[in-house]
Amino acid sequence: MRTEGAYGKFETAFRERNEMDQQQPVQGQVQIKADEKELQGQYSNLVMIHHNLEEFTMNFIYIFPNGAQGKLLNSMIVSPGHAKRIWRALGENLARYEAQFGMIKESPEGSTPAPNVGFVQ
């Protein structure tokens, strides 16, 4: 008959505890579930933003090169407070980007006509 020594029991308990720790989120850390496709992200070349008293809606769209078709990639709805935090974070990141890589050149106003967009199913 084989009996485990004190170290064997310790190793087993340690291994079980280590496996539990790996499965448990760190306290205060939010675990976000995302599959591979979601982690890849999507390229959007048009964002339409609408708002009312309670919310901001941002429709992220890809307009195909021929300009005759597009696809709604995602519609994000946020509170006015969260919209302002996004605006602030985007401004801070743009400033850091330009400090590192130089000024971002924009197309002159009106050089790219605003597409006449309508949604279909």
Here the qualifying pairs (Cβ atoms under 8 Å; residues six or more apart or on different chains; first in the stretch 64-84 and exposed (fewer than 12 other Cβ atoms within 10 Å of the Cβ); second in a helix (DSSP H, G or I) and at pLDDT 95 or above) come out as none
A83 fails exactly one of (1) at pLDDT 90 or above; (2) out of contact with any His (no Cβ under 8 Å at 6 or more places or on another chain), namely (2)
Scanning the stretch 56-101 residue by residue, the ones that are outside any helix (DSSP H, G or I) and within 17 Å of L46 (Cα to Cα) total 22
Sole miss for I104 among (1) surrounded by fewer than 10 Cβ atoms within 10 Å (Cβ to Cβ); (2) at pLDDT 90 or above; (3) farther than 19 Å from Y43 by Cα is condition (3)
Problem set entry | Selection status of N59, at pLDDT 95 or above, farther than 22 Å from I104 by Cβ, within 17 Å of the chain's Cα centre (by Cα) and not hydrophobic (A, V, I, L, M, F, W, C) | yes
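The values are calculated or read from the model by the stated rules, or taken from the named source; none is laboratory data. Not measured: the values here are computed from a predicted model. Ideal geometry is used to build each Cβ from the backbone, glycine not excepted, and the neighbour counts take in all protein chains shown.
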